[in-house]
Amino acid sequence: HFSGWLLDWLRERHPADMALLAAMVRRGQVELFSSGDTEPVLAAIPHRDRIGQLQTLNDKLTAWTGVQPSGAWLTERVWESAVVPALAATGIRYVTEDDYHFYCTGQPATALYGYVSTEEDGTRLDLFPISEALRYRLPFSPAHEVIAYLEGLAEQGQVAAIYFDDIEKFGIWPETYDWVYHRGWLKALIEGVLASPKIRTATYADFHAGHATRGIVYLPTTSYSEMNEWTLPMPAARIYADFLAAEKAAGRGD
């Protein structure tokens, strides 16, 4: 996923690379996710503006690649059920959200594979829970450990391991460029995935088309745990920060 203005900048400054990316989308190797064109938090703007923002980026992606997006990224992973009608009205069938959102509903970690469905006023939208365990492992754990973790999930009968994360981790964060590229982490991961008889890669679109929903879930209004902390008013923010620091110091952070 790119915001609309980053996409415009990349297409202007790096036309050859972006032409290759568009070709990969048409071949089914890459799936691009839509969102609001200027990357707004959809829950914070009116319905009419949600429609306009989503449709603008949808049209931009479709005109560029020839492929209509089916998935959308929610900025800062802010979930509010009121965004469902606008997403559905603009052709979006599914979004990704942190597994934290699902824990807030009482869902156990063992249930968070595949996708589930929600609805608002009878309008359906499907939800993929992003694995925090994978976000912490890629690219910081050695490639062979990541492969072993994924194979372990497969051996337990889990049909999908869901990953969606910041590209900054793969070369922009301190020391990651050397680790990911010069020291061969990315090459080792790709070769390990391809060599494994227990792992198969898939786009969200392919998985969504080939599997049924695992049930219905209604997420509360929330974002990722740090954002929930940062948006607290005072003095609740201080109380929560002190409590969190004390629990981490006692080894009970998780």
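The values are calculated or read from the model by the stated rules, or taken from the named source; none is laboratory data. The structure presented is a predicted model; accordingly, all values stated were derived computationally and were not measured. For neighbour counting, all protein chains shown are included, and Cβ atoms are generated from backbone atoms with ideal geometry for every residue, glycine included. For the accessible areas, the whole protein counts, side chains as well, though only heavy atoms, and no ligand, DNA or RNA atoms are used. Shrake-Rupley method; radii C 1.70, N 1.55, O 1.52, S 1.80 Å.
A few remarks follow.
- Cross-link partners of LYS198 among aspartates and glutamates (Cα-Cα below 20 Å; sequence separation of 8 or more within a chain): GLU145, GLU151, GLU155, ASP206
- Portion, in percent, of the accessible area of the chain that falls on carbon or sulfur, probe 1.4 Å: 56 percent
- Cβ charges +1 (Lys, Arg) and -1 (Asp, Glu), total dipole of the chain, debye: 520 debye
- Toward the positive end of the charge dipole of the chain, with +1 on the Cβ of Lys and Arg and -1 on the Cβ of Asp and Glu, the farthest Cα among HIS47, ALA89, TYR224 is that of ALA89.
- Over the chain, dividing the summed -39,500 (n - 2.57) contributions of all DSSP H runs of at least 4 residues by the number of residues returns a 222 nm mean residue ellipticity of -12500 deg cm²/dmol.
- ASP59-ILE239 FRET efficiency (beta carbon distance; Förster radius 51 Å; 0.05 resolution): 0.65
- Rolled with a 1.4 Å probe across the full set of protein chains, the surface gives ILE172 an accessible area near 120 Å².
- Extending 7 Å from Cα along the Cβ direction at HIS144 and again at ALA23 yields two label points whose distance is 3.6 nm.
- Per-residue SASA remark: LYS248, around 130 Å² accessible (1.4 Å probe; ligands, DNA and RNA not included).
- In straight-distance terms, cross-link reach from LYS60 covers every one of the aspartates and glutamates whose alpha-carbon lies under 12 Å from its own, apart from those fewer than eight places away in the same chain; here that gives ASP8, ASP37.
- Simple spin-label estimate for ILE167 and LEU10 gives 0.3 nm between the two label positions (7 Å along the Cα-to-Cβ direction from each Cα).
- Summed over the residues of the chain and divided among them, the accessible surface reaches 55 Å² per residue at a probe radius of 1.4 Å.
- Where GLU39, GLU97, GLU12 fall by accessible area, highest first, once all protein chains stay in place (1.4 Å): GLU12, GLU39, GLU97
- Ranked by the mean number of other Cβ atoms within 10 Å per residue, highest first, peptides 65-74, 134-143 order as 65-74, 134-143.
- Between the residues ALA195, PRO108, TYR181, the greatest Cα displacement towards the positive end of the dipole of the chain, with unit charges on the Cβ of Lys, Arg, Asp and Glu, is found for ALA195.
- For LYS187, the lysines whose Cα falls under 17 Å of its own Cα, not counting residues fewer than eight places away in the same chain, are LYS169.
- A 1.4 Å probe, protein heavy atoms only, puts the accessible area of TYR240 near 90 Å².
- Judged by the mean number of other Cβ atoms found within 10 Å, the most tightly packed of the peptides 144-151, 89-96, 177-184 leads the ranking 89-96, 144-151, 177-184.
- Electrostatic tally near LEU125: other residues with Cβ closer than 14 Å to its Cβ, Lys and Arg +1, Asp and Glu -1, net -3.
- Going by accessible surface with a 1.4 Å probe and the largest first, ARG238, ARG200 read ARG200, ARG238.
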